[in-house]
Amino acid sequence: GALAIAIKAANYNHQEFEEVLNSFDFQNLQVNKPSALPVFQSYEEFIAKEKRNNPSAIFTFLDQSPKETRINRADSYSGNILNNIIKFSSEKSLFNGDYLEEWLYDILAERGIRTFGDLKNGLVDKRNPHDYKIRMTCVDCTRIKSVTLPDDLVYYGIDPDKFEVAKAVRISASIPFAFKPVGIEKDGIKYYLIDGGVFDNFPYWLIDNSTFPTIGFRIQSEKQNINLKTPINIIRNIISTTYDIGIPHHLKSEINYIENIPVSNIPTLDFNLTEEAKSYLIESGYEAAYTLFNQIQPQPFLSFIRRMLG
């Protein structure tokens, strides 16, 4: 989500957006095999002792209290999970976050976008008082707190206007164990930041719907039988267990218009998609948007959205 909105905010239209994504070399993204990750190796040792390998075992594994804690409170379930994310992800991860950040920096710079100061003059409201065109979330593992980027960067002594958009996207996209956490130091303390979806994968609260109705899209995967027979499937299930652990789900009635985007059984971490799979995902997104916008009654808001989407 953060990646898509950043590219859109840099004034790439939908055709250019597709070309940009096709220019990304996914082969350079993966740097380690699932079996080489510390979290996988530790889980293998855990299930050998426990004599079980199932979702309950993953839950118990992630809920272990580490001997060394790097966060303020480690006595809660979410605290233990965040501690273990830092412990296992900091040393080695599946993908190279530096490559993603550098690639996006160049893409945005081509349109004159480098920092959030270049993305001002957005819609000002009580949720976005600093008029940024885009905002995103992450989780501060050290403080066990959801953080809004760029607004909350002032806590770390950073001027939000001067923070690079590509860096923020990398932080917001730092899926546990897939990417390393991004560290920010202040007064001798290191704060570890990861994907905001760990606490809330649908942060409706970022947007004020008192001026315009709110629209939202959610990814909808097919339910599958849990497979824990291969390293990549174990990693995928460990990752999924870490999500939506911090904030209660919002009621659908709080959102004016929402539509699910079906992605069949295509995994989030599959970066070796066939052309057929890519076409399916693009078409699914188009059909979901078409369905949602047909629900909206003709009003100035609809014209506003059409102008935004180009």
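The values are calculated or read from the model by the stated rules, or taken from the named source; none is laboratory data. Not measured: the values here are computed from a predicted model. Cβ sites come from the backbone with ideal geometry, for glycine too, and all protein chains shown count toward neighbours.
Details
- Taking each residue of the stretch 3-28 that is in a loop (DSSP other than H, G, I, E, B) and surrounded by 13 or more Cβ atoms within 10 Å (Cβ to Cβ) and looking for partners that are of a type in the set (D, E, K, R) and at pLDDT 95 or above with beta-carbon atoms closer than 6 Å, six or more apart or interchain, yields Ala10/Arg111.
- Some residue of the stretch 223-237 being among the aliphatic types (A, V, I, L, M), part of a strand (DSSP E or B) and either surrounded by fewer than 16 Cβ atoms within 10 Å (Cβ to Cβ) or in contact with a helix residue (DSSP H, G or I) (Cβ under 6 Å, 6 or more places away or on another chain) (or both): no
- The stretch 132-175, subset at pLDDT below 95 and out of contact with any Leu (no Cβ under 9 Å at 6 or more places or on another chain), residue nearest to Gly112 (Cα to Cα): Ser146
- Residue in the stretch 199-212 that is farther than 25 Å from Ser78 by Cβ, outside any helix (DSSP H, G or I) and of a type in the set (Phe, Trp, Tyr) present: yes
- The single residue among Asn260, Asn237 that is at pLDDT 90 or above and touching a Lys or Arg at 6+ places or on another chain (Cβ under 9 Å) turns out to be Asn260.
Residue-by-condition table, conditions (1) modelled with pLDDT of 90 or more; (2) buried (at least 20 other Cβ atoms within 10 Å of the Cβ); (3) of a type in the set (Val, Ile, Thr); (4) part of a loop (DSSP other than H, G, I, E, B):
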{"site": "Gln64", "(1), (2), (3), (4)": "no, no, no, yes"}
{"site": "Asn83", "(1), (2), (3), (4)": "yes, yes, no, no"}
{"site": "Ile113", "(1), (2), (3), (4)": "yes, yes, yes, yes"}
{"site": "Asp118", "(1), (2), (3), (4)": "yes, no, no, no"}
{"site": "Val124", "(1), (2), (3), (4)": "no, no, yes, yes"}
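- Scanning the stretch 79-124 for residues that are under 16 Å from the mean Cα position of the chain (by Cα) and of a type in the set (S, T, N, Q), we see that the one that is farthest from Phe46 (Cα to Cα) is Asn96.
- Number of the exception - Asp195 against (1) buried (at least 18 other Cβ atoms within 10 Å of the Cβ); (2) in contact (Cβ under 8 Å) with a residue 60 or more places away in the chain: (2)
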